[in-house]
Amino acid sequence: MSETPRLMPRSFAHLSDEAVVAMLARSDESALAELYDRFGRVAYGLALRILRDERLAEDAVQEGFLAAWRNAGRFIPERGKASTWLLTLVHRRAVDLVRREDRRRAEPLADGVDHSSSGSAEDDAWLRFERERVQAALKRLPDQQREALELAYYGGFTQSELAERLGEPVGTIKSRMFTGLARLRELLADPRPGEAAWKPTPYTT
C-alpha cells in the first residue's frame with residue numbers, strides 16, 4: 001500500500017525578510033516558521049546574554065515571536081529592517097523577564113513557614129479554577145496544536161523530540177506551538193463584548 005505523498009514545504013529562499021513579515025501579517029503559519037529558521041538562533045543568543053538562563057531565554061524567544069505573529073501588520077519596512085524589529089521584540093520580552101525575576105527574588109519569605117502546606121481554601125479554589133480554564137481553552141484548539149502543546153508542557157518533550165515523534169519538520173512543530181499559544185492566550189483573556197464568559201464546573205466536596 002503506497003503512502004500518501006506529503007506536501008512539499010513552501011520555499012522562501014527568494015523572499016526578503018520584509019516580504020516574509022508581510023506574509024506573516026496575513027496569518028501565514030509557514031512564514032512564522034521561516035522567520036524562526038532565519039532568526040531563532042540569533043534571538044536565543046540575544047535573550048541568553050540578557051537573562052543568563054536557558055529556560056528563561058527560550059521563554060523570551062517564544063514570547064517575542066508570538067508578539068511578531070500578533071503585530072506583523074504594524075511593521076513598517078521604511079522605518080527599519082525586519083530583523084531589527086523582530087530582535088527588538090525578543091529583547092523587550094527578555095528585559096521584562098529580568099524585571100519579573102528580580103521582583104520575584106525580592107519578595108520576602110517568612111522564616112519557619114512551610115509554604116508547601118500553607119495554602120488556604122481560597123488558594124486551592126483559585127488554582128482549580130485556573131486549571132479548569134486552561135483545560136477548557138485547550139479543548140477549543142485545533143487537534144494538531146493541542147497535541148503539540150500538551151506533549152510539550154505536560155509530557156516534557158522538546159520541539160526536536162516532538163518533530164521526531166509526530167513525523168513533522170521541526171519548523172512545522174515550532175509554528176504549530178506558536179500559533180497554538182497565541183490562540184490559547186486569546187481564549188484565556190477577558191471575554192469580548194457579546195461573548196459568554198467561561199464558567200467553572202460545579203464543585204462538590
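The values are calculated or read from the model by the stated rules, or taken from the named source; none is laboratory data. Only a predicted model underlies this, so the values are computations on that prediction, with no experimental measurement involved. Neighbour counts are summed over all protein chains in view; Cβ atoms, including those assigned to glycine, are modelled from backbone coordinates with ideal geometry. The protein model used for the area step is the full one, side chains on, heavy atoms only, and it has no ligands, DNA or RNA in it. Shrake-Rupley method; radii C 1.70, N 1.55, O 1.52, S 1.80 Å.
Which residues, taken from segment 140-174, are modelled with pLDDT under 75 and either at positive phi or β-branched (Val, Ile, Thr) (or both)?
Within segment 140-174, just Gly156 meets the criteria.
Please tell me if Ile76 is without any contact (Cβ under 8 Å) to a residue 12 or more places away in the chain, among the hydrophobic types (A, V, I, L, M, F, W, C), surrounded by fewer than 19 Cβ atoms within 10 Å (Cβ to Cβ) and farther than 23 Å from Ile173 by Cβ.
Judged against the criteria, Ile76 is a match.
Out of (1) acidic (Asp, Glu); (2) open to solvent by less than 80 Å² (accessible area, probe 1.4 Å); (3) free of Cβ contacts under 8 Å to residues at least 40 places away in the same chain, the odd one out for Glu54 is which?
With (1) acidic (Asp, Glu); (2) open to solvent by less than 80 Å² (accessible area, probe 1.4 Å); (3) free of Cβ contacts under 8 Å to residues at least 40 places away in the same chain applied to Glu54, the lone miss is (2).
If you take the residues in segment 102-139 that are surrounded by 11 or more Cβ atoms within 10 Å (Cβ to Cβ) and at pLDDT 80 or above, which one is farthest from Thr172 (Cα to Cα)?
Restricting to residues being surrounded by 11 or more Cβ atoms within 10 Å (Cβ to Cβ) and at pLDDT 80 or above, the top hit is Ala136.
Which count do you get for residues in segment 55-83 that are in a helix (DSSP H, G or I) and under 17 Å from Ala31 (Cα atoms)?
17
How many residues are open to solvent by less than 50 Å² (accessible area, probe 1.4 Å) and not small (Gly, Ala, Ser) if we restrict to segment 20-47?
11
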